[in-house]
Amino acid sequence: MKKILFAGLIASLVVTYGFTTIQSMDNCDKKALTEKCKKKLEDFKYDSQKFSKINFLERDQKLEVEVPVFVGEKYRMVFNTSYLPKNVVISVYTKSKDAKKREAIYSTKDAIDGIKEFVFDAPHVRNMYVDYDIPIDSSNPKLSGCVIFMIGYK
């Protein structure tokens, strides 16, 4: 019985603390980020948004978010990285990270330093996957931030 309780305790600790990228809004102003992104949607109709909290570690990380889209619609994506202390590269792909021959259709890799808001008008595609490439941070393992993306359609 003690072995089962101990194994259960270990499993719950792994589940609780083992995940490095947590979806929450602890230290971010969700309302301000939402308003800024909505302004950038302009004449597109709001569809959805995704907030992600990112905890930096002593290793590189990758977070992927699938974005459901309807064929034939025109989409605009707005990203706001105002609450990220480091440069996280955001890329949009047509297939998931496990797929062969996936195609990048957008990236912030070559963006000008200091820009925190990105607008991307997506081509007509069947699927979109947003990847966050989170760099290593060995200087401060408790460093965290958050990012939002909002999507609208026409």
Task: Cβ-based exposure ranking for 108, 81, in which fewest neighbours within 10 Å come first - done: 108, 81
- [ ] Identify, among 80, 149, 127, the residue whose Cα sits farthest towards the positive end of the charge dipole of the range 23-153, taking +1 on the Cβ of Lys and Arg and -1 on the Cβ of Asp and Glu, with the dipole about the Cα centre.
- [x] 127
Open item on the list: Between residue 82 and residue 104, what is 0.36 nm times their sequence separation minus the Cα-Cα distance? Round to one decimal in nm.
Closed with: 5.6 nm
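Here, each number is a calculation from the coordinates, and none is a lab measurement. Nothing here was measured: the structure is a model prediction, and the numbers come from that model. As a convention, Cβ positions derive from the backbone with ideal geometry for all residues, glycine included, and neighbour counts pool all protein chains shown.
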